[in-house]
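Below is one structure, written out as structure tokens, with a few remarks after it.
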Amino acid sequence: MRNNCYIGIDTGGTKIAAALFSAGGDILTQDTVLLEGAGGSDAAALMKILIRSLQEHAAREDLDLRGIGICIPGIVYHDSGNVWAPNIPGWDNYPLLRELRAEFGDTAAIRIDSDRACCILAETWLGAAQGCRNAIFVAVGTGIGAGILVDGRILRGHGDIAGATGWMALQRPYEEKYDACGCFEYYASGDGIARTAAEIAKSKTGYSGPLSGTALRAEDVFSAYRKDDPVARETFENVIGLWGMAVANYVSLFNPEKVIFGGGVFGPAGQFLPRIIREARKWAQPIGITQVSIELTTLGKDAGLFGAGRLAILQEKKETS
């Protein structure tokens, strides 16, 4: 009997990563393609190239391809299979599932989901949330989103937008600068760390340190923090406070067993986890905060990719049951 295999696709704003998985979660082979600004059908075409390449690999190894899972950085409308991905031009209600089924639907079950849903799915499969029925994955990268598992089911909401927690209101008064990405994300995402540092540096008369320039990146702020730069210290004091408040809100609302931080910022921000926990304890429901474990992802930057592989396995089981 031929062994089953599955394709997982993790779509980002700048690249698409793909892997061929065994049923047990081992990566058999993987590949990446840069988007280089491609959007619309061009971005979909690059995804198809990756899928065909992995199909060919499976055939050479005499493996039976059973499912394809796609992780999208945005919203997936499950009724239609259309996607909204703000970092990919032209993917505004784009019919991605229809396109993929037209080409690959005869050979494999196909499922698409958001990156935040894929990340919590991966953690419950192979990561830090194994055995959990209530857990939250907080993805902190360019933006912020949360994959929320409640009683064993991923929370999606009325319009498939649940988990867009970058829009959590954590400051008053409201400012127009929050319009594009929300209050929490404005300050505490990867881009937000750079914005916060730039605003603090600008406010300090006479400051001429490493964060006084333009076009800052989060990496610059982490580098300055390692050198004990005062602007970097103040930046992370503010951001850690917001991460802790967010955890407190997750705990008070959902009473999870675990809150797991991941994404590109965690990473280097993992050093702040004890301080985040101390901050969360100030604000959270007092019983709930004693029942939760706050941890870092064990899957690193590949959480979305593993989640896409798990999607493929679950969809194949669903369509054959």
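What to note about this one:
- Conditions (1) under 21 Å from GLY166 (Cα atoms); (2) crowded, with 22+ Cβ neighbours inside 10 Å; (3) not small (Gly, Ala, Ser): number failed by ASP92: (2)
- Options ARG98, ARG156; residue that is at pLDDT below 95, closer than 28 Å to GLU319 by Cα and either among the basic types (Lys, Arg) or touching a Gly at 6+ places or on another chain (Cβ under 7 Å) (or both): ARG156
- Set side by side, the residues GLU234, GLU319, GLU219 differ, and just one is surrounded by fewer than 24 Cβ atoms within 10 Å (Cβ to Cβ), modelled with pLDDT under 95 and in a helix (DSSP H, G or I), which is GLU319.
- Residues considered: VAL265, VAL247, VAL259, VAL251. Of these, the only one that is in a strand (DSSP E or B), at pLDDT 95 or above and not small (Gly, Ala, Ser) is VAL259.
- Test for LEU242: is it within 21 Å of the chain's Cα centre (by Cα), modelled with pLDDT of 95 or more and over 30 Å from ILE16 (Cβ atoms): yes
- Note on segment 104-122: residues that are under 24 Å from GLY157 (Cβ atoms) and part of a helix (DSSP H, G or I) amount to 8.
- Selection status of ASN82, without any contact (Cβ under 8 Å) to a residue 40 or more places away in the chain and out of contact with any Pro (no Cβ under 6 Å at 6 or more places or on another chain): no
- Among residues of segment 179-199, those that are surrounded by fewer than 23 Cβ atoms within 10 Å (Cβ to Cβ) and over 15 Å from PHE222 (Cβ atoms), counted: 6
- The set of residues in segment 122-158 being open to solvent by 30 Å² or more (accessible area, probe 1.4 Å), of a type outside the set (S, T, N, Q) and either on the phi < 0 side of the Ramachandran plot or touching a Pro at 6+ places or on another chain (Cβ under 6 Å) (or both) consists of TRP125, LEU126, ARG133, VAL150, ARG153, ILE154, LEU155, ARG156, HIS158.
- Conditions (1) among the aliphatic types (A, V, I, L, M); (2) surrounded by fewer than 22 Cβ atoms within 10 Å (Cβ to Cβ); (3) at pLDDT 95 or above; (4) over 25 Å from SER223 (Cβ atoms): number failed by LEU305: (2)
- Test: residue in segment 120-127 that is modelled with pLDDT under 95, under 30 Å from ILE276 (Cα atoms) and in contact with a Gly (Cβ under 6 Å, 6 or more places away or on another chain): no
- Looking across segment 206-216, just one residue is open to solvent by 70 Å² or more (accessible area, probe 1.4 Å) and either touching a Ser or Thr at 6+ places or on another chain (Cβ under 9 Å) or modelled with pLDDT of 95 or more (or both), and that is PRO210.
- Meets criteria (open to solvent by less than 70 Å² (accessible area, probe 1.4 Å), in contact with an Asp or Glu (Cβ under 8 Å, 6 or more places away or on another chain) and either without any contact (Cβ under 8 Å) to a residue 24 or more places away in the chain or closer than 30 Å to LEU96 by Cα (or both)) for ALA162: no
- Filtered residue count, segment 39-56, keeping only those that are over 18 Å from ASN82 (Cα atoms) and either open to solvent by 70 Å² or more (accessible area, probe 1.4 Å) or modelled with pLDDT under 95 (or both): 3
- When segment 142-156 is filtered for residues that are part of a loop (DSSP other than H, G, I, E, B), in contact with a strand residue (DSSP E or B) (Cβ under 9 Å, 6 or more places away or on another chain) and more than 13 Å from PHE254 (Cβ to Cβ), only ARG156 remains.
The values are calculated or read from the model by the stated rules, or taken from the named source; none is laboratory data. Note that this is a predicted model, so its numbers are computed, not measured. Glycine gets a Cβ as well: all are built from the backbone with ideal geometry, and neighbour counts include every protein chain shown. Ligands, DNA and RNA are stripped out before the accessible areas are found, and what is left, the full protein with its side chains, is counted by its heavy atoms. Shrake-Rupley method; radii C 1.70, N 1.55, O 1.52, S 1.80 Å.
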